[in-house]
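So the structure is just underneath, and the comments pick up after that.
The values are calculated or read from the model by the stated rules, or taken from the named source; none is laboratory data. Computed from a predicted model, the values in this text were never measured in an experiment. Reconstructed Cβ throughout: ideal geometry from the backbone, glycine too, with neighbour counts over all protein chains shown.
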Amino acid sequence: MSRWIRVAEGPAPFLPAAAVLAVVLGYGVNVPFWDQWELVELLSRLDDGGVGWADLYRQHNEHRMVFPKILMLALSSVTRWNVVAEMLVGVALASGSFCLLLSLARPALQMTDPVSRFWAVLAMSAILFSLAQWENWLWGWQIQWHLGVFAALLSIWLAARSLRHPKPFLPVIGAAASATLCQFSIASGVIVWLCSGLVLAAHPRRRAILSAWTMPAIIASAVFLVGYERAADAPQIVPVLQAPFAYLLYIGNYLSGPLLRHWTAGIAIAAVFAALAFAATMRRPRDLEFVLPWMAVGTFAIGNAILTAIGRVGLGPQQGLAARYVTISLLLSIAIIPLGLAALKEGHRLSPAKRLAAIGGAALLSILTIASDIGNWRRSAAHGLAMAEARACLLAIEEASDACLAQLYPNAAVIRSREPQLRAFGWSGFASPTTR
């Protein structure tokens, strides 16, 4: 069995990523969808060389999408805004996040046997590349979520590196830059300052490090809040004491990630995370530089759930199950895997009973995630077919009905008014009328 596992553990972790790539190439359609129509005017100004800081800094809902806009504009210059290229970059960013997670998990993986390691890595890969986040895989605009998660993990990874680095301020500067990248990609990315700070609190020179860490956090947050306004169509903020159970349901739904998609699953995962973090801390009190990064990864997911609930619970607890949130919430499910290995460790290896528990837990996470992907594959296919139909309507806009165009944006009049700008920019869809 060990011999076969050693053969399989090389390609197996990449199978979930290959499945996502197949979904993007099979069902990704080169057509602007929903919020992407807000980018059309910016693309026109880019073609004329008129894009400035105000365009990048301008608020979009709760977000300051400075870096996602820069990335999308750069890709549009190369591809004439082929939005499938944005989807592929999203897969690439997720692959980068997977590499960072593996690097953080290396101490836990090295202390276990090949079978346990195989299932642990497979579970992390299956969760990270879950099709439960199909909306973010097949919507180029959602590159902001993949960029935000990658930046958050990079910040935590650099903060962990600083703990044993001979020149700790170098990785700390990198962690601060990554935290800024995260905050100016997704609004709730502000949480990463707290999460990376949690790791830096274990540094032998914590007083000087944390003092230096606080300054860029304050500056970045102050810049973020300049001229910040709550969107007119944003749901009303409901006081926590007025609807505590609604908040609990929303946070539970959010944290359920790709597993079972129910609020009870989210609360259970959070409870397991807290228990394993406590057990790992008690078992390895002198080795917190291993435990703290995973506590930071899980805290990032929980913090995002709380902030999102404050702004969105007015839409109802079920909104917490939106596919776009899975990209962040899945980090909590991933964090319990290395924390579990650390909590189960005895000496340098796992005992047979605890090894069986580790294999069973990781295998269960893998199976639950892969099982949920079957239904999400169908959702991806249905979305791809709808986008192909809508794209055909856009290419024949003179004869197209408003109902068909409304699949791309709720207000068909907006599409009709911006289609000439898209044509003037030279959108690649006009040059390549075939659809998938």
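Across the range 149-207, the number of residues qualifying as among the aliphatic types (A, V, I, L, M) and in contact with a Lys or Arg (Cβ under 8 Å, 6 or more places away or on another chain) comes to 2.
Among the numbered conditions (1) farther than 29 Å from residue 331 by Cβ; (2) of a type in the set (Lys, Arg); (3) under 22 Å from the mean Cα position of the chain (by Cα), the only one that residue 69 does not meet is (1).
Collect the residues in the range 47-65 that are surrounded by fewer than 20 Cβ atoms within 10 Å (Cβ to Cβ) and in contact (Cβ under 8 Å) with a residue 24 or more places away in the chain, keeping them in residue-number order. Show your work before the answer.
Kept after step one, since they are surrounded by fewer than 20 Cβ atoms within 10 Å (Cβ to Cβ), are these residues of the range 47-65: 47-63.
Matches in the range 47-65: 47, 59, 60, 61, 62, 63.
The residues on offer are 248, 210, and the sole one that is farther than 30 Å from residue 163 by Cα and in the same structural domain as residue 155 (by TED's automatic domain parsing) is 248. Checking each residue in the range 63-81 for being touching a Leu at 6+ places or on another chain (Cβ under 9 Å) and of a type outside the set (S, T, N, Q) picks out 64, 65, 66, 67, 68, 69, 70, 71, 72, 73, 81.
Residues checked against (1) surrounded by 23 or more Cβ atoms within 10 Å (Cβ to Cβ); (2) basic (Lys, Arg); (3) over 23 Å from residue 133 (Cα atoms):
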{"site": "207", "(1), (2), (3)": "no, yes, yes"}
{"site": "210", "(1), (2), (3)": "no, no, yes"}
{"site": "236", "(1), (2), (3)": "no, no, yes"}
{"site": "259", "(1), (2), (3)": "yes, no, no"}
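Evaluation of residue 92 against the conditions (1) without any contact (Cβ under 8 Å) to a residue 40 or more places away in the chain; (2) within 14 Å of the chain's Cα centre (by Cα); (3) more than 28 Å from residue 46 (Cα to Cα) shows that the sole unmet condition is (3).
Here is a yes/no grid of residues against (1) in the same structural domain as residue 416 (by TED's automatic domain parsing); (2) within 30 Å of residue 292 (Cβ to Cβ); (3) out of contact with any helix residue (DSSP H, G or I) (no Cβ under 7 Å at 6 or more places or on another chain):
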| site | (1), (2), (3) |
| --- | --- |
| 33 | no, no, no |
| 46 | no, no, no |
| 50 | no, no, yes |
| 58 | no, no, yes |
| 94 | no, yes, no |
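For residue 353, the test of being at pLDDT below 80 and farther than 30 Å from residue 300 by Cα is passed.
Of all the criteria given as (1) surrounded by fewer than 21 Cβ atoms within 10 Å (Cβ to Cβ); (2) at negative phi, the one not satisfied by residue 280 is (1). None of 208, 222, 212 is touching a residue at least 40 places away in the same chain (Cβ under 8 Å) and not β-branched (Val, Ile, Thr) except 212.
For the range 278-324, taking the residues that are among the charged types (D, E, K, R) and touching a residue at least 24 places away in the same chain (Cβ under 8 Å), the one that is nearest to residue 246 (Cα to Cα) is identified as 312.
In the range 73-118, which residue that is of a type in the set (Phe, Trp, Tyr) and modelled with pLDDT of 85 or more is farthest from residue 24 (Cα to Cα)? Give the derivation first.
Restricting attention to the range 73-118, the residues satisfying the condition of being of a type in the set (Phe, Trp, Tyr) are 81, 98, 118.
Right, trim to modelled with pLDDT of 85 or more and you get 81, 98.
Values: 81: 16, 98: 18 Å.
Once the filter is applied, the top-ranked residue is 98.
For the range 379-417, filtered to residues that are in a loop (DSSP other than H, G, I, E, B) and more than 29 Å from the chain's Cα centre (by Cα), the residue that is surrounded by the most Cβ atoms within 10 Å (Cβ to Cβ) is 400. When restricted to residues that are over 22 Å from residue 181 (Cα atoms), charged (D, E, K, R) and outside any loop (DSSP other than H, G, I, E, B), the range 29-81 contains 3.
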